[in-house]
Amino acid sequence: MNPYAGLVSRSAAYLLDVLIVAVTTGAAAITFALTASVLGAEGRQLARVVLTSSVVFLPAIMAVYCALFWMLAGRTPGMAVFGLRVVDRFGRPPRWYAALVRGLLTAYLPVLALWLLVDRRHQGLHDKLARTSVLRSPRGDEVTVTTRIASSMRADHGSRGRVPAVGSGWGGVSTGPGRDAEHRRGRPDQT
């Protein structure tokens, strides 16, 4: 079985997350609007502005929601329901910048996700830019699957667990010396 999540499970998880954010944001905006309408004409005008802005800022709220969950837990509530999680190339939850890039691209340009239909690892363009993958999480086998996937991702890039240097083919971005040492810890075969 392919450990990478496909279009149907990812779309269903994303739609569940959109529903959670929309209902929560809508409930907060309506509560504020009802409270403000008690204040009179000025309150009603403020309520209209809040309701309109909640719709306009919904993608930004969605991006922050996803980025925080991906960074802290490696999955959103919708992804947890469908047994999915986001990992970086080392098999860990993405760092804040990767989570934010992925969240912004997913919220504002969801069409980029369609690239996963033709990609071997089912990565959308937002995954490629953030250097992440979405994996299925079989119960009780999460550590083994994560280790295996992270190893195959490193092998595909030829890094053997080392952090790429600036200009080395991973977009010229170095993740810093701490991440390299942290990854090699406990592996005597790598120097």
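Among the numbered conditions (1) free of Cβ contacts under 8 Å to residues at least 12 places away in the same chain; (2) of a type in the set (Val, Ile, Thr); (3) touching a Leu at 6+ places or on another chain (Cβ under 7 Å), tell me where residue 134 comes up short.
Residue 134 satisfies every listed condition except (1).
Name every residue in the stretch 21-38 that is more than 30 Å from the chain's Cα centre (by Cα) and either at pLDDT 85 or above or within 10 Å of residue 54 (Cβ to Cβ) (or both), in order of residue number.
Selection gives 33 alone.
Where residues in the stretch 74-88 are of a type in the set (Gly, Ala, Ser) and out of contact with any Lys or Arg (no Cβ under 8 Å at 6 or more places or on another chain), which of them is surrounded by the most Cβ atoms within 10 Å (Cβ to Cβ)?
Taking the stretch 74-88 as the starting set, the residues that turn out to be of a type in the set (Gly, Ala, Ser) are 74, 78, 80, 83.
Checking the rest, the ones that are also out of contact with any Lys or Arg (no Cβ under 8 Å at 6 or more places or on another chain) come to 78, 80.
Numbers: 78: 21, 80: 16.
The residue in question is 78.
In the stretch 103-113, which residue that is hydrophobic (A, V, I, L, M, F, W, C) and free of Cβ contacts under 8 Å to residues at least 60 places away in the same chain is surrounded by the fewest Cβ atoms within 10 Å (Cβ to Cβ)?
Ranking the candidates gives 111 first.
Which of the residues that make up the stretch 76-100 are under 11 Å from the mean Cα position of the chain (by Cα) and closer than 18 Å to residue 22 by Cα?
Result: 76, 79.
Tally up the residues in the stretch 13-59 that are charged (D, E, K, R) and within 30 Å of residue 133 (Cβ to Cβ), please.
1
Out of 10, 102, which single residue is assigned to a helix (DSSP H, G or I), in contact with a His (Cβ under 6 Å, 6 or more places away or on another chain) and closer than 22 Å to residue 134 by Cβ? It would help to see each step written out before you state the result.
Numbers: 10 fails: in contact with a His (Cβ under 6 Å, 6 or more places away or on another chain).
Sole residue among the options that is assigned to a helix (DSSP H, G or I), in contact with a His (Cβ under 6 Å, 6 or more places away or on another chain) and closer than 22 Å to residue 134 by Cβ: 102.
Confirm whether residue 48 is of a type in the set (D, E, K, R) and modelled with pLDDT of 90 or more.
no
Of the residues that sit in the stretch 105-121 and are touching a His at 6+ places or on another chain (Cβ under 9 Å) and in a helix (DSSP H, G or I), which one is farthest from residue 70 (Cα to Cα)?
In this case the residue turns out to be 115.
The values are calculated or read from the model by the stated rules, or taken from the named source; none is laboratory data. Owing to the predicted nature of the structure, the values given are computational and were not obtained by experimental measurement. Because the Cβ atoms are built from the backbone with ideal geometry, glycine has one as well, and the counts that use them run over all protein chains shown.
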